[in-house]
1. Arranged from highest to lowest average of other beta-carbon atoms within 10 Å per residue, in what order do the peptides B:183-192, A:219-228 appear?
2. Excluding residues on the same chain fewer than 8 positions from A:K161, give the lysines whose Cα lies under 18 Å from its Cα.
3. Relative to the longest principal axis of chain B, what angle (0 to 90°, nearest 10) does the C-alpha long axis of helix B:6-32 take?
4. List the distances, in nm to one decimal, from the label point of A:R434 to the label points of the same position in every other copy, shortest first, placing each label point 7 Å from Cα along the Cα-to-Cβ direction.
5. For the Cα atoms of chain B, what angle does the longest principal axis make with the long axis of helix B:352-363, in degrees from 0 to 90, nearest 10?
6. What list do you get for A:M126, A:M19, B:M543, B:M368 if you sort them by fewest beta carbons within 10 Å?
7. Give me the net charge of A:G373's neighbourhood, meaning all other residues with Cβ under 15 Å from the Cβ of A:G373; Lys, Arg count +1, Asp, Glu -1.
8. Can you give me the Kirkwood hydrodynamic radius for segment A:70-411, using every pair of distinct Cα atoms, in Å to one decimal?
There are 2 protein chains.
Amino acid sequence: MEYLTSHNVMVMLLALGLMLGLARTLGELAQRFHQPAVLGELLAGVILGPTILGNFNPELGALLFPLHGPNLIALDAVATLSVVLFLMVAGIEVDLSTIWKQGRAGFKIGSSSMVIPFVMGFAAAMIIPRALGRHEGADNLVFALFFAIALSISALPVIAKTLMDLGLYRSDLGMVVVSAAVFSDLAGWIVFAIILSMMGSGPTHGNGIAMIVFNTLAFAAAVLTIGRLLIHKTIPFLQKYAKWPGSVISFAIVLTLLGAAFTEWIGIHAIFGAFIVGVAIGDSTNLREHTRVILENFISYIFAPLFFASIGLKVDFAEHFDAGLVILVLAIACGCKLAGGYLGARWSGMPKWDSMAIGVGLNSRGAMEIILGLLALNAGIIRTRLFVALVVMAIATSVISGPAMKYCLDKRKKTWRLREVLSRALFMQHLKSRTHREVIEEITQFASRRKGFDAQMADGAVWAREKALNTGIGNGVAIPHAHIKGLTEPLVVVGISKQGIDFDSPDGNPAHVIFLILMPSQNSIEQLEFVPEIARIFRDPGMMERVLLAKSRLELIKLMANGDNGSNGPSPS
Amino acid sequence: MEYLTSHNVMVMLLALGLMLGLARTLGELAQRFHQPAVLGELLAGVILGPTILGNFNPELGALLFPLHGPNLIALDAVATLSVVLFLMVAGIEVDLSTIWKQGRAGFKIGSSSMVIPFVMGFAAAMIIPRALGRHEGADNLVFALFFAIALSISALPVIAKTLMDLGLYRSDLGMVVVSAAVFSDLAGWIVFAIILSMMGSGPTHGNGIAMIVFNTLAFAAAVLTIGRLLIHKTIPFLQKYAKWPGSVISFAIVLTLLGAAFTEWIGIHAIFGAFIVGVAIGDSTNLREHTRVILENFISYIFAPLFFASIGLKVDFAEHFDAGLVILVLAIACGCKLAGGYLGARWSGMPKWDSMAIGVGLNSRGAMEIILGLLALNAGIIRTRLFVALVVMAIATSVISGPAMKYCLDKRKKTWRLREVLSRALFMQHLKSRTHREVIEEITQFASRRKGFDAQMADGAVWAREKALNTGIGNGVAIPHAHIKGLTEPLVVVGISKQGIDFDSPDGNPAHVIFLILMPSQNSIEQLEFVPEIARIFRDPGMMERVLLAKSRLELIKLMANGDNGSNGPSPS
């Protein structure tokens, strides 16, 4: 029996400890400078791998990260497990219902931002395959398909993170961007699964590509329909009859492991199965926020950093850095994705700067492109220098995304600033409701009495929006909203609840301050301009306390208006 | 480069998925029948391993769990990582301050329940080593030391779990049992580390046993003093400047991996380092309950089941089951541990049935003995049949523990039942305080005005007890208490807080109902008899709502007295 020796165990634990420690430290540092964490995590691998440690202290490098033997296998096992779990979390973040709810806009933008890069990438790869770093032995068609798909997929986790940082994640603009990204990701992964099978790296069981394509689509369809329903029905059962949240966490991970094993078995990569299972799990409204938080925290902060650091170990980034190729890939990638996103948004009737913001938002790649690149590298389709260029492109687009979106949004005509909103708002200082459903009704009834519109209709519209995606934005704030026919000007009601009401916020805290926003027309995404300001104000931990103790409407307005100190950048919290 | 092939990846994911799925399912089932989860988790390994699957379908067994090659190494790597992380969580549950606070009682019981089994086990192993299953090649002294220590160590996680199930975890009796277990565990692990080095399984770097003993003690001392302080200071820094709870989770795991690597390097087992680092982390009052919950949930429900299932894969339990040896080991183990615990408790002045309960509580082994046994098996010190006997003993003692403690506690003279307590209690239906510190003051001041004792002294005593270990027992209930000189009879004040006060409860919920208990003398553990009843009542999710809506003192008493429906078993929640 070949168990790990004591030396193997020591090296494995030391290597994992160093990787995780450095990856997380550099990841946190990157975030301090408003950069994606993945940047720092990759860098940790670059430092510990052949690029730096291997060059400066080859003995230590070979001791910690040997190129053969049990330790290499152990590390590969941990990295494989890590990427499978990470893809599950990426899948959980996908909200299928968002796609349906945002309907046409998401579809138009999603398909446009997918098709344009795909076509342009495919054409470029067919015309100049060698300049783009096709591996000698690789099939031209397979390479072109890979390159095309690598340019088309967005990085949903990075996009979601950027929108959260900007306080836009649950706004209408944020939902459009997310739904477009979900659409292009789902389509992209399915196409990629097919390409993977064409690469011939998996066991094909004597079946042709047609069989693999069929299996892939059948798996995705089965998991997203029957599987999704079964998961949705099983979670409440587990919550009732087994230890919660432990049972739901285990359930999610078991399904992910089995789904991943299955897709690996049918000849496509394990991560595809993990992603699809993640989508099915995340889509269940029975999955409670607390469970999600535990899964996301542990996996995003332990497994994901280990995986991204392990990428840096595989390649000497300095040796394979090709500045010309990097610039070429970056130019093609940004050009076609910006065009795709912008044109799609204009097509669905968005104003100019909103469309630009959407294009820039969808342009961020990040984790997904790197995983694709690694698979293609291992399958012998691309050269190492293209892999390095893809990694640099993925990071650069993610780094640009936040500031660029901010720039575009600042360019939009500003209609409503917070101070103005507050001065015109209605206030309810003592909400009586205890539940989410009740409080919407309480506030809309109050508003309808004051402003004379149909309370039932307004309540229905706000609740429908609420069911699509809860509007709790965390830090005790919720922003339910809807469009109401017949309103002549936007109406804001600020409700205060001492005991707090569960709005299923990302941070799990009940909402104490509820901004109900009713808007007159369809074309009013920019009416939510002040939402990021509200989010920023309540990030100050003392603010909520002061608001809850406020005696009068005037004091409330003063507090919140002063909290908005006019700074434009995200606060350094 | 020997990466895992696609087949290896598929097998690994499938094997892990099946192990985790079956382990968790059987673990949950075990808990449904009020048995420790580890019983079901081990059984999952027995089913998937050589005992059952390997016997009935050898081909499938060899495919899923091959006896050589990359998959064995991958599985061993995951199992090793799992046990390291599990020992960290076990360490986190140890509360060093409990040892000091319970002072003499804990020390007396701890040392007695450690020394008596150690001496008896040592003697038995020296007298009948072959009958007890010493491996032929093993040194007699090493075997005797191993057997002695295997009988002495308690299973803190199982004990903690049993006390929580009985609603006694934060009672004075619970604290005595926990502090005794902590004491014997710490001492036991240090002794075991020394034995491990004598086994000669680790790399000794040319140093003798003396050096290893010195290194072990120096490591433990350094981590528990300087390391503990540094961790305590670093956590708030991380919470302030980095993503929380992600940063604290990573920090804990990085330290654990490095500590484990270090102890493996100095020639003792990695799990010792992980345990000591866990103790140091868990001891910091800066470690928030939310972080602890994420670590414990993910590790207890993912890594621990994988590890315990992997044990079952190693051995054919049917083939090596020796009924005579099992009975012998069980008799020696129970006899000496019960004697040790009982005598220690009597020595520190406890009543008879309390002492019996403590002895029974400390008798549960569980996870720890199994890990020790596995190490000894791998090091060639014991025969497989002794390993099997130790596993059976560990499980049997854990299974007995809960019902036996309950039996002993029921035998004690019951002084105060809940109904009686409530009928004599003072009530404060509208607590004004918002913080933990304030509410203690508010309630003690109210009580002192009514009963005429020194408010400041009472407040100080309750707060001192509170600082030692928070008395939030979860489900919105807290039970602050203290001994007050000059009181002639026990005094209970029931305070209700609509908005809830953070008592750092295990479930993270604020306390809405606060039972302040002031007791006249030192010898009054049994005054808290009604605490389990309170815990049971509030497990009903609707109870808290009804209590918060109650209009009068009388309605409150009726609600709670009827909630205590006289059932004696733990509720099936």
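1. Working: B:183-192: 23.1, A:219-228: 17.2.
Listed from highest to lowest mean packing, they are B:183-192, A:219-228.
2. A:K406, B:K243
3. Orientation of helix B:6-32: about 40 degrees from the principal axis.
4. Between copies, matching label points for A:R434 lie 2.2 nm apart.
5. 40
6. Details: A:M126 16, A:M19 31, B:M543 19, B:M368 24.
In order of increasing Cβ crowding within 10 Å: A:M126, B:M543, B:M368, A:M19.
7. On the way: positive: A:R134, A:K314, A:R365, A:R383, A:R385; negative: A:D322, A:E369.
Once positives and negatives cancel, what remains is +3.
8. Values: mean 1/r = 0.0494 Å⁻¹.
Final number for the Kirkwood radius of segment A:70-411 is 20.2 Å.
We did not get these values from a lab; they are worked out from the coordinates using the rules stated. Keep in mind the model is a prediction, meaning the values are calculated, not measured. A quick note on method: Cβ atoms are made from the backbone with ideal geometry, for glycine too, and the neighbour counts reach across all protein chains shown.
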